[in-house]
Each structure stands twice: as structure tokens, then as C-alpha cells.
1. Would you check if there is a residue in the stretch 97-111 being under 18 Å from K34 (Cβ atoms) and modelled with pLDDT under 95?
2. Out of the residues in the stretch 85-117 meeting the condition of being among the polar types (S, T, N, Q) and surrounded by fewer than 16 Cβ atoms within 10 Å (Cβ to Cβ), tell me which one is nearest to V67 (Cα to Cα).
3. Which numbered condition trips up A82, out of (1) under 30 Å from R24 (Cβ atoms); (2) surrounded by 14 or more Cβ atoms within 10 Å (Cβ to Cβ)?
4. Quickly run through the stretch 1-49 and pick out the residues that are under 12 Å from the mean Cα position of the chain (by Cα), closer than 12 Å to I74 by Cβ and at pLDDT below 90.
5. Does the stretch 26-72 hold any residues that are surrounded by 14 or more Cβ atoms within 10 Å (Cβ to Cβ) and among the basic types (K, R), and which are they?
6. Kindly provide the set of residues from the stretch 91-124 that are charged (D, E, K, R) and either in a loop (DSSP other than H, G, I, E, B) or free of Cβ contacts under 8 Å to residues at least 60 places away in the same chain (or both), ordered by number.
7. Sort out which residues of the stretch 36-90 are among the charged types (D, E, K, R), within 30 Å of K23 (Cβ to Cβ), free of Cβ contacts under 8 Å to residues at least 40 places away in the same chain and assigned to a helix (DSSP H, G or I), and write them in order of number.
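The values are calculated or read from the model by the stated rules, or taken from the named source; none is laboratory data. The model shown is predicted, which means the values in this text are computed figures rather than measured ones. Virtual Cβ from ideal backbone geometry, glycine too; neighbours counted across all protein chains shown.
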Amino acid sequence: MSAPVVKTTFKIVTEPGLKQKLKRMMDDRFDDVKDAFILEMEDTLGESAEECPVLTGTLRDSRSLDVDERPGTIKARLGYGANYAFWVHERTELHHPTGKSKFLEDPVNRKREVLIKNIVERVG
């Protein structure tokens, strides 16, 4: 699979106590945290697909989620690989019959506010 044309990363914003709780969970239950994290990223990509403009479905179908796991670290790359994805995503002046610009950025920005809380709740 080629690298996404539109991709995003984001800083997680949360209460300090939740970060410490998640760190303990990562030490004790890494696989559970990883599974919860992947579910959250899949949810985010699903929201993005719902907001993605659709003419033929090629752009929406080019979405991808790649997870990189290293000791004590989990990273995800969410993106769209269609060669025109960047232009559709960034051109906010365009009107789309279905979907909208910023179809990846907006769901990611919404998720970053609740990501750690959701993971902690999923892991229990």
C-alpha cells in the first residue's frame, strides 16, 4: 500500500490523572490498551468516512489505518491514499453534494478530547 496523500497525527488532550491511569494500564495490560486504541482509531476513521465527499467512492475507499507498536508505545496513522485526497480535504471553499472538506481533520480533532478517557473506559 502506498503512503497516504492525506494523513494526520494529533496531540492528546486530557486530564493529568487519566494520563497516569493510562500509563499504569499500558504497563500492566498493554494488549488490552492496544486493542482499545485500535478500536478508537477505527471509530475515528469511520466518522471520517461518513464526512468524506463521495462521487465515485474511490476517495472514501482509499482510507487506511496503520498501527505501529513498539515496547510501551502505540502509534497510528490514519489517511486517504487517492491521489486527489489532499485537494478535496483542504479546499474548504468547494461545496460537495455529499460530505465536506476537512473530512479527516475534524473527526481527529473531536477524538483527541476524549481518546484517553475512552481507552480507559474500554479497558476498565
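1. yes
2. Among them, the one singled out is N109.
3. In the conditions (1) under 30 Å from R24 (Cβ atoms); (2) surrounded by 14 or more Cβ atoms within 10 Å (Cβ to Cβ), A82 misses (1) alone.
4. Across the stretch 1-49, the qualifying residue is only I12.
5. R29, K34, R60, R63, listed by residue number.
6. R91, E93, K100, K102, D106, E113, E121
7. Answer for the stretch 36-90, where residues must be among the charged types (D, E, K, R), within 30 Å of K23 (Cβ to Cβ), free of Cβ contacts under 8 Å to residues at least 40 places away in the same chain and assigned to a helix (DSSP H, G or I): just E42.
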